[in-house]
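Contents: one structure, followed by commentary.
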Amino acid sequence: MTLRRRFIAYLLILHVVLAATIVILLWEHRIWLIAVELFLVLSVVFAMKLFRGLFQPLESLLAGAEWLRERDFSTRLRRSGQMEMDTLIDVYNKMIDTLREERLNLQEQQYFLERVIRASPAGIITLDYDHRIVQANPATERMLQFSAADLTGKLLQEIPSVLSQSLSDLKTGESKIFTVHGIQKIKCTRSQFIDRGFPRSFFILEEMTEELRQSEKSAYEKLIRLMTHEVNNSIGAANSLLHSTLLYKSQIRNEDRNDFVSAISIAISRAEHLNAFMKNFADIVRLPKPTLRPVNLRQLLEQICTLMKAECEKRNIDLQRQLESASSVTLDVDRDQVEQALVNILKNAMEAIGRDGIITVRTERRNGTTVITVEDNGVGISPEVKNFIFTPFYSTKENGQGIGLTLVQEILTQHHFRYSLETVAGGLTRFCIYAD
């Protein structure tokens with residue numbers, strides 16, 4: 001039984017007992033009986049009024065407690081006119097106002113945070129208590145190449161992506177830079193926050209490709225300019241002296257003349273070779289901005305394949321073409337620069353095969369983008385090499401200078417073309433150019 005019912009029962013029993021007692025005692029004194037009964041009626045009325053005054057605010061407080069349970073912070077209680085109860089009601093109303101303001105601030109902060117996360121150029125992944133993805137912003141979708149719907153509810157290990165597998169291996173507080181698609185550099189950081197007393201993990205994925213490329217470019221440009229300046233000054237003067245020295249060959253004894261001329265000629269040849277060697281590096285630094293003109297993609301690729309055909313036949317490499325989708329595609333490019341980039345890519349594919357292999361040059365349309373693919377079945381890119389393939393001066397070839405892919409990178413970047421280079425399942429290595 002509730003307190004309210006017990007109180008009503010007590011009042012009823014009390015007044016019934018009093019009424020019965022008075023009737024028995026004052027039955028002979030009717031005037032006093034009427035007066036006392038009237039007093040009892042007034043007592044009942046006063047008790048009910050007091051009851052309502054006491055329990056009505058309590059009922060309001062109980063209703064307020066129910067609203068709190070249902071997280072309804074919009075309703076305030078009306079003052080009852082009783083000092084003691086009004087003190088409780090004022091405390092309740094102040095608490096409700098504070099909770100409503102805090103919830104409003106929390107909702108505004110949550111909305112602001114969601115907008116910031118969605119607009120952030122950095123990828124952000126949030127996990128739940130079971131380490132499943134509950135949130136992935138658009139930047140994450142671009143980096144992992146999966147939609148948020150495909151990612152939500154999955155463990156990182158369940159996503160078929162090299163980057164997601166690498167993320168799952170990160171420890172809390174750890175940061176690493178991973179290479180994706182052979183060119184994309186992504187700095188990944190794992191951290192955590194406390195939610196309802198328990199830790200939850202989140203990841204921040206920062207695109208570092210352009211920053212690192214610009215940093216590397218600035219460093220090697222300074223180095224190349226310094227080296228070119230010093231070498232050219234020395235080689236120019238040395239070659240001039242060597243050619244002048246040859247004028248004295250007639251003054252050399254006949255038996256020594258051939259050795260003299262041969263030695264000087266070798267020195268001149270090596271100096272010219274060094275000069276040409278430095279020129280290859282200087283060409284990267286002096287690469288002009290592309291002069292864009294409409295170029296038929298099929299014709300360009302046909303001519304390049306014809307140019308490389310003889311070398312492929314010499315190596316017994318089958319150079320295949322799948323250019324049907326490029327028959328009417330026209331790109332605004334610097335023909336000479338793009339041709340040089342594609343020739344370098346084909347040379348790399350040939351050298352990766354060595355002898356007896358297949359190179360496929362393919363064009364296709366993907367979501368409105370023209371994609372040029374050069375695919376080979378050569379040795380592939382080893383895990384030790386993939387992080388350095390576009391690094392200036394880095395080469396796996398015995399006599400390589402490490403400038404071929406650097407030049408390709410510069411040309412494609414100046415044309416604002418996206419590109420990737422990776423070895424995929426089956427051992428095929430693909431260089432893809434996305435001509436947006």
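Any read-out appearing in this document is the output of simple, stated calculations on the displayed coordinates, not a laboratory observation. This is a predicted model, so every value here is computed, not measured. All Cβ positions, even for glycine, are placed from backbone atoms using ideal geometry, and neighbour counts span all protein chains on display.
Observations on the model:
- Protection proxy ranking of 200-208, 359-367, by the mean of other Cβ atoms within 10 Å over each peptide's residues and highest first, is 200-208, 359-367.
- Net charge contributed by nearby residues that have their C-beta within less than 10 Å of I204 (K/R +1, D/E -1): +1
- Relative to the current alpha-carbon distance between K94 and R76, full extension at 0.36 nm per residue lengthens the span by 5.6 nm.
- In terms of overall dimensions, the C-alpha atoms belonging to region 293-435 reach 39, 31, 28 Å along their principal axes, ordered largest to smallest.
- Residue pairs exceeding 28 angstrom between C-alpha atoms, taken from K347/K386; K289/K314; K154/K187: K289/K314.
- Computed 3J(HN,Hα) for region 372-382, one whole-Hz value per residue from the Karplus formula 6.51 cos²θ - 1.76 cosθ + 1.60 where θ = phi - 60°, is 9, 10, 10, 10, 9, 10, x, 6, x, 9, 6, glycine and proline marked x.
- Ordering of 135-148, 309-322 by burial proxy (mean other Cβ atoms within 10 Å per residue, highest first): 135-148, 309-322
- Highest average packing first - 106-112, 149-155, 187-193, Cβ atoms within 10 Å: 187-193, 149-155, 106-112
- Extension gain (nm, one decimal) between S265 and Y248, 0.36 nm per residue minus Cα-Cα: 4.8 nm
- The amide H of Y419, built 1.01 Å from its N in the peptide plane, has Y434 as neighbours under 5 Å, considering only residues 5 or more places off or on other chains.
- Across region 125-130, rounded Karplus estimates of 3J(HN,Hα) from the backbone phi angles (6.51 cos²θ - 1.76 cosθ + 1.60, θ = phi - 60°) give 10, 10, 9, 8, 5, 9 Hz, Gly and Pro being marked x.
- Under Stokes-Einstein, with the Kirkwood radius over Cα pairs as Rh, the value for region 120-207 at 25 °C and 0.890 mPa s is 190 µm²/s.
- The calculated FRET efficiency for the pair V44 and R103, based on their C-beta separation and a Förster distance of 51 Å, comes to about 0.65.
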